[in-house]
């Protein structure tokens, strides 16, 4: 049994990681300021003796009492509406937040996992993307606060490994989707599903030929757990190497939902990557990991989950031309309510 601190543990990915760790018998401390995470994601864990929720902003500090075996740093806004609404906060959690998490790992001699992103590759000139590719990133563009926060976090993590001897591991996460995503989070899968279920036009930016690779959340979390249990420093790509165009994704969502929604095309925004697909040879070799859930099955599970929350889907803000992620429209930015604070038993 390990005691694992998961920053951003009430978020989409973080909550699924908390579930997986609890299910295998680990104890979990979930640290989250609820700026993009939701208590609903972890409500089923709050009364478990092995689970503790700490309402905190890791950019301000990360103090955890008791022994710590692993620090998994997932805290960060991850969609354009979120990091455009909080650019300084995004940079802070990537810099100060990462350092606070690394200091905790150093103090406790714990394994440190950094959840980085495929965005470090920018609009790639190399395809598919391997871990030894340095990327093509605009450091002052509209996406730069997220891209550069993660690139700095990787540099800081490797500096702590080399200078302080922290046992670190870096994963680069490619597009992940599944239950617990917010209907209004602005990512391409949620945008398309929300639009289709509401009968709204599916908004594609550009001609729809840009590609993405979509990894179902259960597969991604298996990769995170494998990285936690390894001594691999990384970086290691985690994603589904099956590449498809945004237009193909839109057609799949329309078919799965039975929607009659049309497709609308808008100009491609600045710095939108035209191709994105991971080379996962390293993950296969060092972690024994590869995706198991195909995109159609993953989309079906995700659509089924969204159907159980139609009030939230129907209340999602209308799509706004000119903002996007992954070639799809995203909603206008709106404040995120933190809600009440709840703490599970330690």
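The values are calculated or read from the model by the stated rules, or taken from the named source; none is laboratory data. Please read all numbers here as calculations on a predicted model, not as lab measurements. Backbone-built Cβ (ideal geometry, glycine too); neighbour counts: all protein chains shown.
Checking the structure you have, find out if any residue of the stretch 157-173 is more than 16 Å from the chain's Cα centre (by Cα), in a strand (DSSP E or B) and crowded, with 22+ Cβ neighbours inside 10 Å. Yes; the residues of the stretch 157-173 include at least one that is more than 16 Å from the chain's Cα centre (by Cα), in a strand (DSSP E or B) and crowded, with 22+ Cβ neighbours inside 10 Å. In the stretch 291-308, of all residues being part of a loop (DSSP other than H, G, I, E, B) and touching a residue at least 60 places away in the same chain (Cβ under 8 Å), the one that is nearest to residue 122 (Cα to Cα) corresponds to 291.
You will find that of 151, 222, the residue that is surrounded by fewer than 23 Cβ atoms within 10 Å (Cβ to Cβ), at pLDDT 95 or above and either out of contact with any helix residue (DSSP H, G or I) (no Cβ under 9 Å at 6 or more places or on another chain) or more than 18 Å from residue 280 (Cα to Cα) (or both) is 151 and no other. Scanning the stretch 104-128 for residues that are closer than 17 Å to residue 282 by Cα, surrounded by fewer than 17 Cβ atoms within 10 Å (Cβ to Cβ) and either touching a helix residue (DSSP H, G or I) at 6+ places or on another chain (Cβ under 7 Å) or at pLDDT 95 or above (or both) yields no hits at all. For the stretch 9-51, the tally of residues that are under 16 Å from residue 93 (Cα atoms) and touching a strand residue (DSSP E or B) at 6+ places or on another chain (Cβ under 6 Å) stands at 5.
Among the residues in the stretch 191-209, are any closer than 20 Å to residue 41 by Cβ, buried (at least 23 other Cβ atoms within 10 Å of the Cβ) and in contact with a helix residue (DSSP H, G or I) (Cβ under 7 Å, 6 or more places away or on another chain)? Checked against the condition, which is being closer than 20 Å to residue 41 by Cβ, buried (at least 23 other Cβ atoms within 10 Å of the Cβ) and in contact with a helix residue (DSSP H, G or I) (Cβ under 7 Å, 6 or more places away or on another chain), the stretch 191-209 yields at least one hit. Take residue 90 and decide whether it is closer than 23 Å to residue 186 by Cβ and in contact with a helix residue (DSSP H, G or I) (Cβ under 9 Å, 6 or more places away or on another chain). When the stated conditions are applied, residue 90 passes them. Assessment of the stretch 182-190 against the conditions (closer than 10 Å to residue 249 by Cβ and either over 15 Å from the mean Cα position of the chain (by Cα) or part of a loop (DSSP other than H, G, I, E, B) (or both)) yields no matching residue. Total residues in the stretch 1-28 satisfying the condition of being free of Cβ contacts under 8 Å to residues at least 60 places away in the same chain, closer than 16 Å to residue 54 by Cβ and not in a loop (DSSP other than H, G, I, E, B): the figure is 4. Among the residues of the stretch 41-52 satisfying the criterion of being in a helix (DSSP H, G or I) and in contact with a helix residue (DSSP H, G or I) (Cβ under 9 Å, 6 or more places away or on another chain), which is surrounded by the fewest Cβ atoms within 10 Å (Cβ to Cβ)? Looking at the filtered set, the residue picked out is 44. Residues in the stretch 56-89 that are assigned to a helix (DSSP H, G or I) and either surrounded by fewer than 18 Cβ atoms within 10 Å (Cβ to Cβ) or touching a residue at least 60 places away in the same chain (Cβ under 8 Å) (or both): 80, 81, 82, 83, 84, 85, 87, 88.
If you go through the stretch 285-311 and keep only what is farther than 21 Å from residue 181 by Cα and loosely packed, with under 13 Cβ neighbours inside 10 Å, you end up with 285, 288.
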